[in-house]
Amino acid sequence: MDFIYFLGRFHVLALHLPIGIIYAVVLLEFLARKPRFAGLAAAANYLWGAAAVTAVITVAMGLMHASEGGFTGESLERHRIYGIVVALASIALWVFRVKSLATYRTLQPVTGIIMVVLVAMTGHYGGNMTHGSTYLVEYAPAPLKRLAGMEVREKASSAADADVFADVIHPMLELRCGSCHGEDTRKGSLSFATYELLMEGGEMFPAVVPKDLTQSELYARVMLPPTSEDYMPKEGKTPLSADQIAIIKWWIEAGAPGSGAVGTLNPPADIAALISKELGL
């Protein structure tokens, strides 16, 4: 199985090939419809063949990568389905163009648009697994967030009025840790998508133990030297700041509540100031 996992991790490199080739051949065929660029059409058969071969290889590597575990949820299933459809459609269009060129040229504007949409949807759900389902609309205006199905919370007027988890702790964890421990990507079976999932912990240890820093693996991992193998986050991603770690430390020591106004927890003045800064107040 290790060799399967090894091959599967090349999926993140291979996937750029069919994407680029499909977009290129669709654009080329639209341009070739004009007499000025008609000569470009001669390359289309080769490009569709390359798209089909690389798409099949990418799907195979993707299935191997998914077998490693750590990915789950709706985004994984849709990414898998759309990826397979793109591979099958690329093969079909390659054969169709070779066998029935005249009919293919008539339908090409429609098939080209369909392929662009399929590739975009495949990439969208793949991005959800890598960056989290809210990545594209994280900084969008409130109406667009609501349209995307996101809950839009009114900004707290003061640190004391802010909800300790929904407004303070969760946004920090989602921003810095959500790409690996989100709703769809659960490395080590650990998810920070909701308070309940956070408190469930991972497959081997609890992430947070209220009032006990020594048993809270979340705090232990972010306090390790960046050179440590167990330091989080991995892969060169932006870590929590010293201020954010101080807030999380206080939150755990305060019992790691899942809701309630910050003011009811009587934070020290320095922590209240850090929370105000974190909230942009």
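Checked against the criterion of being free of Cβ contacts under 8 Å to residues at least 24 places away in the same chain and of a type in the set (A, V, I, L, M), the candidates L198, L224, L240, L265 yield just one match: L224. Residue check: A159 meets all listed conditions (1) under 22 Å from the mean Cα position of the chain (by Cα); (2) small (G, A, S); (3) more than 27 Å from A66 (Cα to Cα) but one, namely (1).
Number of residues in region 1-36 that are assigned to a helix (DSSP H, G or I) and open to solvent by less than 70 Å² (accessible area, probe 1.4 Å): the value is 18. Residue count for region 177-219 under the criterion of being farther than 17 Å from D230 by Cβ and basic (K, R): the result is 2. Here is the figure for region 168-212: residues that are part of a helix (DSSP H, G or I), touching a helix residue (DSSP H, G or I) at 6+ places or on another chain (Cβ under 8 Å) and among the charged types (D, E, K, R) total 1.
Annotation: of all residues in region 139-161 being buried (at least 16 other Cβ atoms within 10 Å of the Cβ) and out of contact with any strand residue (DSSP E or B) (no Cβ under 7 Å at 6 or more places or on another chain), the one that is modelled with the lowest pLDDT is K145. The residue that is farthest from P257 (Cα to Cα), among those in region 213-246 that are touching a Phe, Trp or Tyr at 6+ places or on another chain (Cβ under 7 Å) and in a loop (DSSP other than H, G, I, E, B), is P225. Within the span defined as region 48-64, every residue fails to be surrounded by fewer than 15 Cβ atoms within 10 Å (Cβ to Cβ), assigned to a helix (DSSP H, G or I) and among the small types (G, A, S).
The values are calculated or read from the model by the stated rules, or taken from the named source; none is laboratory data. Since this is a predicted model, take the numbers as computed values, not measurements. For neighbour counting, all protein chains shown are included, and Cβ atoms are generated from backbone atoms with ideal geometry for every residue, glycine included. When the accessible area is computed, the model is the full protein with side chains, heavy atoms only, and any ligands, DNA or RNA have been set aside. Shrake-Rupley method; radii C 1.70, N 1.55, O 1.52, S 1.80 Å.
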